[in-house]
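The values are calculated or read from the model by the stated rules, or taken from the named source; none is laboratory data. Source: prediction; values computed, not measured. Counting neighbours? That spans all protein chains shown, and the Cβs are built from the backbone with ideal geometry, glycine included.
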């Protein structure tokens, strides 16, 4: 049993030292950040367009009355 324990310790050490998946995690985080930023930008753009149309409609209503 001691050899199994030491092989487990050696496996855990190699897993903590290796950095193979680090790039993939970084790319996933960057992609998520870009997605959230794009979503926030689209929300702001949609609100700006809505306010523009509301302003146009109010000007038309004032001039027609």
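A few comments on the model shown:
- The residue pairs whose first member lies in the range 4-27 and is at positive phi and modelled with pLDDT under 80, whose second member is surrounded by fewer than 10 Cβ atoms within 10 Å (Cβ to Cβ) and assigned to a helix (DSSP H, G or I), and whose beta carbons are closer than 7 Å, counting only pairs six or more residues apart or on different chains, do not exist in this structure.
- Filter pass, residue 29 being exposed (fewer than 10 other Cβ atoms within 10 Å of the Cβ) and out of contact with any helix residue (DSSP H, G or I) (no Cβ under 9 Å at 6 or more places or on another chain): no
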